[in-house]
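Data first, discussion second: the structure below is written as structure tokens.
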Amino acid sequence: MSERKPRVFSGVQPTGNLHLGNYLGAIVRFVDLQQDHECIYCVVDMHAITVWQDPQELTRNIREVTAAFIATGIDPQKQIIFNQSRVSGHAELAWVFNCVARIGWLNRMTQFKEKAGKNREKASVGLYDYPVLMAADILLYHADKVPVGEDQKQHLELTRDIAQKFNNDYAPRIRELGLGEEFFPLPEPVIAGPATRVMSLKDGTKKMSKSDPSDLSRINLSDDADTIAKKIRKARTDPEPLPETVEGLKDRPEAANLVGIYAALAGISKEKVLEEFGGRGFADFKPALADLTVEKLAPINAEMKRLLEDPGYIDGVLAAGAERARAIAEPIYADVKRIVGFLG
Ligand code: TYM
């Protein structure tokens, strides 16, 4: 019997302003994992509408994330790229998981607290339930590994808790149906590299984020070379030269962030970056970082633009990807229905 390759699943929200954090924390890993995994990369449009999205912009952003995946090097012939709402199993399994997950578990989710802010009563029910849909995304494909940035760690722990509780609650039934001991495998997070948490260019203690009102806080994948150089020039720093060692970056969040970005873009360690730039000031380091960022992002930016001129091609990739995703998801969800006792 031929063993299947380990399966990877991850998602990115089409909420505009794809940035360097999304790229280094997640999308670059997606590309690496293609070599020896079966990969499913999802544009999570149902997650996006947990906060208001203008419909036309949402459509545009779904295509933009798809273009970013392809432009970065994900091969849509080999891997699966699709948008979530096309595969109904995500919503169906999320409902089953709503009845497995406990309110107490969701009350502990820090991202909901951050996103809902003070006015929690006015947040959508979907925003609260968001991590359950995320668990459904992953488990619908029996994914083994999930590459994400640091900020998704808690959601992945919840995913494992949901999988475990489902497996336990239905253990006799799963056995009776001959579906093995553990119906849902417990997926492993892949949180790796020197930039799992890229910080804002304006405040090294805040995460780089799509929703920061200041565009100067982030480098967008759609920024041109001049804009990138300007944003790096204006990035907040301290007056000290760069330290010689990584320990010297402690308590210097802005310096640590820029060194981490350089290391991730160059594919080297922070130690190596400091071997070259330790003792030198930001007046030296920032232009080097700007050049490197432009060198890495310009080809992606150009390819995204080229792809977006042909929305028909992008839509074709998503439709074909959804068909392949459905072929994996449908038998798994059919088993879930039998396990739970649904008829039909
Ligand atoms: P989203 O769309 O907010 O972000 C997409 C990916 O980018 C990572 N990321 C970062 N990494 C490093 N530094 C940053 N500043 C930074 N900002 C964002 C995120 O960790 C993420 O990996 N809930 C997910 C989408 C999702 C998903 C899934 C992910 C839905 N279903 C199933 C994995 C598996 C999210 O909101 O990502």
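Since every read-out is calculated from the coordinates, none of them should be taken as a lab result. Remember, it's a predicted structure, so these values are computed and weren't measured experimentally. Cβ atoms come from the backbone with ideal geometry, glycine included; neighbour counts cover every protein chain shown.
Residue check, Ile81 against (1) surrounded by 22 or more Cβ atoms within 10 Å (Cβ to Cβ); (2) more than 30 Å from Glu64 (Cα to Cα); (3) within 15 Å of the ligand (Cβ to nearest atom); (4) not basic (Lys, Arg), all met but one. Which one?
Every listed condition holds for Ile81 apart from (2).
Gln152 passes all but one of (1) exposed (fewer than 15 other Cβ atoms within 10 Å of the Cβ); (2) near the ligand (Cβ under 9 Å from one of its atoms); (3) of a type outside the set (A, V, I, L, M); which number fails?
With (1) exposed (fewer than 15 other Cβ atoms within 10 Å of the Cβ); (2) near the ligand (Cβ under 9 Å from one of its atoms); (3) of a type outside the set (A, V, I, L, M) applied to Gln152, the lone miss is (1).
For the stretch 119-130, name all the residues that are over 22 Å from Asn22 (Cβ atoms) and either within 10 Å of the ligand (Cβ to nearest atom) or among the polar types (S, T, N, Q) (or both).
Listed by number, the residues that qualify are Asn119, Ser124.
Can you name every residue in the stretch 57-106 that is hydrophobic (A, V, I, L, M, F, W, C), over 21 Å from Arg338 (Cβ atoms) and either touching a His at 6+ places or on another chain (Cβ under 8 Å) or without any contact (Cβ under 8 Å) to a residue 60 or more places away in the chain (or both)?
Matches in the stretch 57-106: Leu58, Val65, Phe69, Ile74, Ile103, Trp105, Leu106.
Tell me the residue from Ala235, Ala225, Ala229 that is closer than 17 Å to Ala288 by Cα, small (Gly, Ala, Ser) and surrounded by fewer than 18 Cβ atoms within 10 Å (Cβ to Cβ), please.
The match here is Ala225.
Quick check on the stretch 158-182: of everything there that is among the charged types (D, E, K, R) and surrounded by 14 or more Cβ atoms within 10 Å (Cβ to Cβ), which residue is nearest to the ligand (Cβ to nearest atom)? Can you show your working first?
Start the filter on the stretch 158-182 by keeping residues that are among the charged types (D, E, K, R), which leaves 160-161, 165, 169, 173, 175-176, 181-182.
Filter again for surrounded by 14 or more Cβ atoms within 10 Å (Cβ to Cβ), leaving 160-161, 165, 169, 173, 182.
Working: Arg160: 12, Asp161: 15, Lys165: 18, Asp169: 22, Arg173: 26, Glu182: 20 Å.
It comes out as Arg160.
Identify the single condition in (1) closer than 29 Å to Asn301 by Cβ; (2) crowded, with 20+ Cβ neighbours inside 10 Å; (3) over 16 Å from the mean Cα position of the chain (by Cα) that Arg86 does not satisfy, given that it satisfies every other one.
In the conditions (1) closer than 29 Å to Asn301 by Cβ; (2) crowded, with 20+ Cβ neighbours inside 10 Å; (3) over 16 Å from the mean Cα position of the chain (by Cα), Arg86 misses (2) alone.
Pick from Ile40, Ile27, Ile49: which is touching a residue at least 40 places away in the same chain (Cβ under 8 Å), more than 8 Å from the ligand (Cβ to nearest atom) and closer than 26 Å to Leu265 by Cα?
Working: Ile27 fails: more than 8 Å from the ligand (Cβ to nearest atom); Ile49 fails: closer than 26 Å to Leu265 by Cα.
Just one listed residue meets the conditions, Ile40.
For the stretch 213-232, how many residues are charged (D, E, K, R) and touching a Lys or Arg at 6+ places or on another chain (Cβ under 6 Å)?
Result for the stretch 213-232: 0.
Of everything in the stretch 285-312 that's surrounded by 14 or more Cβ atoms within 10 Å (Cβ to Cβ) and charged (D, E, K, R), which residue is nearest to Pro241 (Cα to Cα)?
Lys286
Scan (1) closer than 23 Å to Ser88 by Cα; (2) within 10 Å of the ligand (Cβ to nearest atom) for the single condition His142 breaks and write down its number.
(2)
Of (1) buried (at least 17 other Cβ atoms within 10 Å of the Cβ); (2) within 16 Å of the ligand (Cβ to nearest atom); (3) over 18 Å from the mean Cα position of the chain (by Cα), Leu133 satisfies all except one. Which?
(3)
If Leu242 meets every condition in (1) closer than 18 Å to Leu24 by Cβ; (2) over 25 Å from the mean Cα position of the chain (by Cα) apart from one, which number is that one?
(1)
Taking the stretch 22-67 on its own, how many of its residues are small (Gly, Ala, Ser), under 25 Å from Gly117 (Cβ atoms) and out of contact with any strand residue (DSSP E or B) (no Cβ under 7 Å at 6 or more places or on another chain)? Please lay out each step first, then the result.
Residues of the stretch 22-67 that are small (Gly, Ala, Ser), as a first pass: 25-26, 48, 67.
Okay, now just the ones that are also under 25 Å from Gly117 (Cβ atoms), so 25-26, 48.
From what is left, the residues that are out of contact with any strand residue (DSSP E or B) (no Cβ under 7 Å at 6 or more places or on another chain) are 25, 48.
Of the residues in that region, 2 qualify.
Contact list please: Cβ distance under 6 Å, first residue in the stretch 118-139 and in contact (Cβ under 8 Å) with a residue 60 or more places away in the chain, second residue small (Gly, Ala, Ser) and within 12 Å of the ligand (Cβ to nearest atom), pairs at least six apart or on different chains.
From the stretch 118-139, the pairs are Leu133/Ala94; Asp137/Gly11.
Filter the stretch 37-57 down to the residues that are assigned to a loop (DSSP other than H, G, I, E, B), within 9 Å of Pro14 (Cβ to Cβ) and among the charged types (D, E, K, R) and list them by number.
In the first step, residues of the stretch 37-57 are kept if they are assigned to a loop (DSSP other than H, G, I, E, B); the result is 37, 44, 49-54.
When the remaining residues are screened for being within 9 Å of Pro14 (Cβ to Cβ), the result is 44, 53.
The answer is none; no residue qualifies.
Just a yes or no: is a residue in the stretch 54-75 surrounded by 17 or more Cβ atoms within 10 Å (Cβ to Cβ), acidic (Asp, Glu) and within 28 Å of Thr196 (Cβ to Cβ)?
yes
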